Amino acid sequence: MNIIILIIAITCLASFAAPAGSQYFEQFKFNVSAIKYRKEYIRLLSSGFLHADFIHLALNMYVLYMFGPYVMEAFGIIGFLIIYIGSILIGNLFSLLIYKNQGWYSAIGASGGVAGIIFAGVSLSPKLIKIGIIFLPPELSLPGFIFGFLYFGYSVYSMLNPRMNDNIGHAAHLGGAFFGLVYSIAIYPQLAVSNALFLLIMSAPLIYLAYEIFIRKRIG
């Protein structure tokens, strides 16, 4: 639990020290041109500790605090760190792949890492684990695989049908969630086999996205 509090503290300090629009914010946010042409690879990680505003920060840290202990118990401290940091990096690398021809594209936030933590946990018991929605009563919590299907479905739809003023980094969310899911399956393959149907249902939007990206070349 202490490592979770430490990550939250570091993230809060970084977000307050580099608020949106500040020199450090601009220096360490994810930006395609800076990474691709100036080789500023630190942005792939540092952007995960910056946030647009207090609500953005608070939501990410709340979800991390709620899900973190469950994932920590299942994977240990090292596994937890691999999932969290790895999900931030993979999420940003996926964003770089998708937006490689859009040098202006920028992003910030721990959402990729948080998504990795969520889906590493959900994949362990996608039928039994319940995911609550903020501000809704616990009775309306969803089974993990249904939440995952809706989460992936919305993110994929939003990527394939971009809207003006949509400031959500869907690619980073999907990349981070995918890494957490795959890492969990690799560590607990027997659980993955027993939950194969639910994992397949949950991952259906990801399979469709892969088809759109790699077969139809629709985005990227």
*asked:* For region 167-185, check the following and say yes or no: at least one residue is modelled with pLDDT under 90, open to solvent by 60 Å² or more (accessible area, probe 1.4 Å), over 27 Å from Leu45 (Cα atoms) and not in a helix (DSSP H, G or I).
replied: no
*Out of Ile78, Ile7, which single residue is under 19 Å from Ala115 (Cβ atoms) and in a helix (DSSP H, G or I)?*
Ile7
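Yes or no, residue by residue, for (1) of a type in the set (A, V, I, L, M); (2) at pLDDT 95 or above:
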{"residue": "Arg43", "(1), (2)": "no, yes"}
{"residue": "Ser47", "(1), (2)": "no, yes"}
{"residue": "Ala52", "(1), (2)": "yes, no"}
{"residue": "Tyr65", "(1), (2)": "no, yes"}
{"residue": "Ile83", "(1), (2)": "yes, yes"}
{"residue": "Ser87", "(1), (2)": "no, yes"}
{"residue": "Tyr99", "(1), (2)": "no, no"}
{"residue": "Tyr105", "(1), (2)": "no, no"}
{"residue": "Gly113", "(1), (2)": "no, yes"}
_Need the failing condition index for Ala196 against (1) under 23 Å from His56 (Cα atoms); (2) open to solvent by less than 70 Å² (accessible area, probe 1.4 Å); (3) without any contact (Cβ under 8 Å) to a residue 24 or more places away in the chain, just the number._
(1)
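Does Phe94 satisfy being open to solvent by less than 50 Å² (accessible area, probe 1.4 Å) and touching a Gly at 6+ places or on another chain (Cβ under 8 Å)?
On the way: open to solvent by less than 50 Å² (accessible area, probe 1.4 Å): yes; touching a Gly at 6+ places or on another chain (Cβ under 8 Å): yes.
In short, yes.
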*With respect to the numbered conditions (1) open to solvent by 10 Å² or more (accessible area, probe 1.4 Å); (2) in contact with a strand residue (DSSP E or B) (Cβ under 9 Å, 6 or more places away or on another chain); (3) under 24 Å from Pro143 (Cα atoms); (4) not polar (S, T, N, Q), which one is the sole condition not fulfilled by Trp104?*
(3)
*Evaluation of Tyr24 against (1) in a loop (DSSP other than H, G, I, E, B); (2) more than 20 Å from the chain's Cα centre (by Cα) (one fails), failing number*: (1)
_If a residue must be within 21 Å of Leu160 (Cα to Cα), among the hydrophobic types (A, V, I, L, M, F, W, C) and under 17 Å from the mean Cα position of the chain (by Cα), how many such residues does region 96-130 contain?_
6
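The values are calculated or read from the model by the stated rules, or taken from the named source; none is laboratory data. The structure displayed is predicted, hence computed values, not measured ones. Here Cβ is always computed from backbone atoms with ideal geometry, including for glycine, and neighbour counts include all displayed protein chains. Please note that ligands, DNA and RNA were not included when accessible areas were found on the heavy atoms of the full protein model with its side chains. Shrake-Rupley method; radii C 1.70, N 1.55, O 1.52, S 1.80 Å.
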